[in-house]
Amino acid sequence: MTQILTSPAPPAASRDTARPPTGNLRRMLVPLALDVAAPMACYYVLHGAFGLSEVTALAVSGVIPAVRVVTGIVRERTLNGMAALTLVVNVAGIALSFLTGDARMMIAKDSGLSGVLSLAIMLSAFTGRPVMTAGMRVFVTKGNAAKEATWERLAEGSARFRRAERRFSAIWGGVLFAECVVRLAGAFTLPVSTMVWLSNVLLVAAIALGLVLAGAFGSGPIMMMVNAEAKGER
């Protein structure tokens, strides 16, 4: 989500689409592996194989995504708001787990982060710049100059286009917020060892649901409008 909320402006995104598909795939999979797969594997190895406590195992596994964020900040020499929030939430989760002795705080901190992100996405849907628009625009226009120009015209002159644009962000925000609530409830009612893997399942399910709903009611109608108008000008 961090990458979505800090998406580059359309021109920069257009340059990114020129990269080989394998390069783009690698850029998506590496953060996913470091933020999801590696911490989960680390927890089960440390807790199950080496007998470390749940608090210690979760705290150590939580260091992995924190290090990735710090590495990104150092490499890019830029501290954006979402990277800072991610880092603060990870560090706070580790500290609270040790202070309270409750491993559930490490599970709950993920819900706190996703809750802030989902609310930011939903609130942006009521502004002139829904935060999910940049990523959707790259997907719809694919860097095509004619479609980029068509997008600009529709964004300026079509109320239907703007409603679909806002609806796209509102759906994503709502789905992710629902996932946050379910995960938070599970963090304090289910065993920690269950929530370590179930949290990731819930996230994947939320993303799949978001893709279906936002595609049907947001990006799908927008793509049809852009394609129809671009075709009509030929």
Subset of region 144-158, residues in a helix (DSSP H, G or I), open to solvent by 50 Å² or more (accessible area, probe 1.4 Å), farther than 14 Å from A228 by Cα and of a type outside the set (D, E, K, R), comes to A145, G157
Criterion: closer than 19 Å to S114 by Cα, in contact (Cβ under 8 Å) with a residue 60 or more places away in the chain and either in contact with a strand residue (DSSP E or B) (Cβ under 7 Å, 6 or more places away or on another chain) or crowded, with 17+ Cβ neighbours inside 10 Å (or both) - qualifying residue of S199, S219: S199
Please find, within region 99-141, the residue that is most open to solvent (accessible area, probe 1.4 Å) out of those that are closer than 21 Å to M224 by Cα, part of a helix (DSSP H, G or I) and not basic (K, R). F139
Residue hits (region 178-223; farther than 20 Å from S61 by Cβ and touching a Phe, Trp or Tyr at 6+ places or on another chain (Cβ under 7 Å)) are G210, A214, G218, S219, I222
Take W197 and decide whether it is modelled with pLDDT of 90 or more, within 29 Å of M40 (Cβ to Cβ) and among the hydrophobic types (A, V, I, L, M, F, W, C). yes
Flag if V212 is open to solvent by 40 Å² or more (accessible area, probe 1.4 Å), part of a helix (DSSP H, G or I), closer than 30 Å to C42 by Cα and among the β-branched types (V, I, T): no
Verdict on E179 being in a helix (DSSP H, G or I), of a type in the set (D, E, K, R), open to solvent by less than 40 Å² (accessible area, probe 1.4 Å) and in contact with a Leu (Cβ under 9 Å, 6 or more places away or on another chain): yes
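The values are calculated or read from the model by the stated rules, or taken from the named source; none is laboratory data. Note that this is a predicted model, so its numbers are computed, not measured. Using ideal geometry, Cβ is built from the backbone for each residue, glycine included, and neighbour counts are taken over all protein chains shown. These accessible areas exclude ligands, DNA and RNA; they are computed on the full protein's heavy atoms, side chains included. Shrake-Rupley method; radii C 1.70, N 1.55, O 1.52, S 1.80 Å.
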